[in-house]
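Here's a structure for you.
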Amino acid sequence: MSKQIVNQKVTTRLFIKILSIVLVVETVIMIGLHLLRTDLSPWQNVLVDIALLTLFSTPVIYFAVIQPYEQNLQKVRADEDRIRCQLTQLNKDLALQKKTLDEHAIVSIADKRGDIVYVNDKFCQISGFNRDELLGQNHRIVSSGYHDRAFFVALWATISSGKVWHGDIKNRAKNGTFYWVNATIVPVLDEQQKPNQYIAIRTDITAQKRTEEAFTQAQRVGHIGSWNWNQTNEKLVWSNEIYHICGLPDTVRSTSKELFIMVIHQDDRDYVLQQFELSKTNNTPFDVEHRITRQDNGEVRWVHEKCVHDRDVMGNVVQSHGIVQDITERKLAQEKIKQLAMTDQLTGLANRNQFYATFDKFINMAKRDSALLGVMILDLDMFKAVNDTYGHQTGDKLLNVIAQVFRENCREIDLIARLGGDEFAIVLYKPLDKGAITDVATRIIRAFETAMHVNGNHLHVGVSIGISLFPAHGSEQHELIENADAALYQVKRHGKNNLRFYDPDDNQLN
């Protein structure tokens, strides 16, 4: 319905009310004049009628029609102002939610010399460099000159000793602009517990840093809500961001201690409450990370809570001030680091670290269940010739095809790993018997009899497989690997592209 039609209806209703009042007053006046039976002339009667009508109808019309209309108009305007403010706040809230959704992790991997061997698209986007410009360089390519030499000496000393480093770094993009990242750098250790790679997960905190520079009291990282609890009157006040973090609707803007306790994940609830009470009684910091359950969609999120207490002269807590920060993205980034640290980046198979860790678990479970394990060490035949002839790029793609062959011929519960170069390992978990292990190895060898197609080339490679059995050939990891290696050596000596089981007597084909 248009505004013009609404105004017409309002005007019509007002006119009818006024006309009704005039008619009622006029009727009363006419009756009064008739009853008084005055000797006035008709024109005098008309003038008296008009005067009386004006005198009596004007205040009635004002108090019965005009004043209520003005009051209602003021109320409508106040409602419009309130709705306009709500819409403005809603737009701000939607903009903040959009900013949250747009944030992603920035990932890079460097070798033990610090040279970049992998970057994701977000790294390229924020730095302005393309992937080819970054690979083979070290991170000085994005150095801003902001941090002094001691900063990087301390950073390098931490990660080169095998420890994880956390901190904020100011970088310079290709176009000269600066940006800030919150970085976590994790060293990937070899068998000697020496770093051979460094994985860095970064979060863009440029916007938060700019806010910090403009407002010294602002926090460094986004998704922060503040709260204040006056414990003398039990009044708890939240900022709007806490409502958003907890997934509460815009219609809910009042809170209580019981509401936040309800939002805390049930498995973390007792721990959080215990730590809060300890911070009050023992004067220790309240600084915890815990899970919450969003009230709108049931999603489990991670938050970081901190607070300080104000005390009276007797030492009793009278007021508490705290912040709640959504750190879900950081938690996901940490999980990503763990995944990258345990995965071969080229093939997606388990890397050497993951192989040894999972192999130990397999051995412990097999000991517990008196089960059989089949340990295969696989070495590719003629792979060097492919690299030399077609180049490393084709060789890398061939390794991916070969990794898929291994996956297709093993079960999901089996462990498949790339140990390095063209060397792989497979541990068959609880195979039926030795024959079942032979079947798997035979299928893999036969799969290599067909040419593999990479970049339009028909490539022929073979695979030699040495096999040891748990517990027949050893009960510890190193024994089983050494014995499988010994069997592999015998395959290489007798023509390659075959399989052998370890024989403790003469290493001959069993």
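The values are calculated or read from the model by the stated rules, or taken from the named source; none is laboratory data. The shown structure was predicted, so the numbers you read here are calculated from the model rather than taken from an experiment. No Cβ is skipped: glycine too gets one built from the backbone with ideal geometry, and neighbour counts run over all protein chains shown. Accessible surface is based on the protein model in full, side chains and every heavy atom, while ligands, DNA and RNA are left aside. Shrake-Rupley method; radii C 1.70, N 1.55, O 1.52, S 1.80 Å.
Using Cα atoms only, what is the angle between the long axis of helix 434-447 and the major principal axis of the chain, expressed in degrees (0 to 90) to the nearest 10?
80
Just read off the accessible area of CYS307 with the full protein assembly in place, 1.4 Å probe, to the nearest 10 Å².
Near enough 20 Å² of accessible area.
What full-extension length gain, to one decimal in nm, is calculated for LYS194 and VAL252 as 0.36 nm per residue of separation minus the Cα-Cα distance? Please report the intermediate quantities before stating the final value.
Values: separation 58, 0.36 × 58 = 20.88 nm, distance 5.37 nm.
Taking 0.36 nm per residue and subtracting the Cα distance, the gain is 15.5 nm.
Checking the a/c ratio against 1.5 first, then a/b against b/c, what shape does the Cα gyration tensor give for the stretch 149-285? List each step's numbers first, then the result.
On the way: a/c = 2.53, a/b = 1.67, b/c = 1.51.
Prolate.
For a Förster distance of 45 Å, can you work out the FRET efficiency between the beta-carbons of THR158 and ARG368, rounded to the nearest 0.05? Could the numbers behind the result be given before it?
Numbers: r = 38 Å, r/R0 = 0.86.
E between THR158 and ARG368, to the nearest 0.05, is 0.70.
Looking at the stretch 384-510 only, what percent of DSSP beta bridges run antiparallel? Nearest 5 please.
Working: 8 of 11 bridges.
Looking only at bridges with both residues in the stretch 384-510, the antiparallel portion is about 75 percent.
Where only protein heavy atoms count, and the probe is 1.4 Å, what is the accessible area per residue for the chain in Å²? Don't skip to the end; give the middle numbers.
Working: 29550 Å² over 510 residues.
Value for the chain: 58 Å² per residue.
Still on this structure: Per residue of the stretch 290-297, what does 6.51 cos²θ - 1.76 cosθ + 1.60 with θ = phi - 60° give for ³J(HN,Hα)? Whole Hz please, x for Gly and Pro, Karplus curve as stated.
8, 9, 10, 10, 4, 7, 8, 10
Follow-up question, since we're still on this one. Compute the helix-to-body angle for 67-101: its Cα long axis versus the longest principal axis of the chain, expressed 0 to 90° and rounded to tens.
Long axis of 67-101 versus the principal axis of the chain: about 10 degrees.
Same structure, new question: Where does the charge balance sit around LEU349 when Lys and Arg score +1, Asp and Glu -1, over other residues with C-beta under 9 Å from its C-beta?
Details: positive: ARG407, ARG418; negative: ASP344.
In short, +1.
Could you sort LEU273, LEU189, LEU428 by their accessible area in this structure, using a 1.4 Å probe and putting the largest first? Working shown, then result.
Details: LEU273 60, LEU189 40, LEU428 5 Å².
Per-residue accessible area, sorted high to low, gives LEU273, LEU189, LEU428.
Something else now. Under the rule a/c < 1.5 gives rounded, and otherwise a/b versus b/c splits prolate from oblate, where does the stretch 100-183 land using the Cα gyration tensor? Walk me through the numbers before you get to the answer.
Working: a/c = 1.43, a/b = 1.32, b/c = 1.08.
Taking the square roots of the gyration eigenvalues as a ≥ b ≥ c, the stretch 100-183 is rounded.
Would you calculate the separation in nanometres between label points at ARG269 and ASP433, each defined as 7 Å from the Cα along the Cα-to-beta-carbon direction?
5.5
Turning to a different aspect of this structure: Which cross-chain or sequence-distant (5 or more) residues have an amide H under 5 Å from the amide H of LEU419, H modelled 1.01 Å from N in plane?
PHE424, ALA425
Further, regarding this structure: When the Karplus curve 6.51 cos²θ - 1.76 cosθ + 1.60 is applied with θ = phi - 60°, which whole-Hz ³J(HN,Hα) does each residue of the stretch 190-197 get, with x for Gly and Pro?
Values, residue by residue: 8, 5, 8, 6, 10, x, 10, 8 Hz.
Just to confirm the number: angle between the C-alpha axis of helix 328-341 and the first principal axis of the chain, 0 to 90 degrees, nearest 10?
Computed tilt is about 10 degrees.
Once every DSSP H run of n ≥ 4 in the chain is given -39500 (n - 2.57) and the sum is divided by its residues, what mean residue ellipticity at 222 nm do you get, rounded to the nearest 500 deg cm²/dmol?
Details: 16 runs with 235 residues, N = 510.
Rounded to the nearest 500, it is -15000 deg cm²/dmol.
Can I ask one more? First measure r as the distance between the Cβ atoms of ASP312 and THR211, then evaluate 1/(1 + (r/R0)^6) with R0 = 41 Å and state the FRET efficiency to the nearest 0.05. Can you show the working numbers first?
Numbers: r = 34 Å, r/R0 = 0.83.
E between ASP312 and THR211, to the nearest 0.05, is 0.75.
With a 1.4 Å probe and all protein chains left in place, how much of the accessible area of the chain comes from carbon and sulfur atoms, in whole percent? Mind dumping the intermediate values first?
Numbers: 16030 of 29550 Å².
The computed percentage sits at 54.
Expressed in nm², what is the orientationally averaged projection area of the convex hull enclosing the Cα positions of the stretch 237-358?
Over every viewing direction, the Cα hull of the stretch 237-358 projects on average to 10.6 nm².
For ASP148, ASP270, write out the residues from largest to smallest accessible area, computed with a 1.4 angstrom probe and no ligands counted.
Values: ASP148 100, ASP270 125 Å².
Heavy-atom accessible area, descending, gives ASP270, ASP148.
Among the lysines, select those whose C-alpha is under 17 Å from the C-alpha of LYS430, and discard any that sit fewer than 8 residues away in the same chain.
LYS361, LYS367
What's the extension gain from LEU14 to GLN89 if we count 0.36 nm per residue and subtract their Cα-Cα distance? It would help to have the intermediate numbers written out before the result.
Values: separation 75, 0.36 × 75 = 27.00 nm, distance 3.63 nm.
So the extension gain works out to 23.4 nm.
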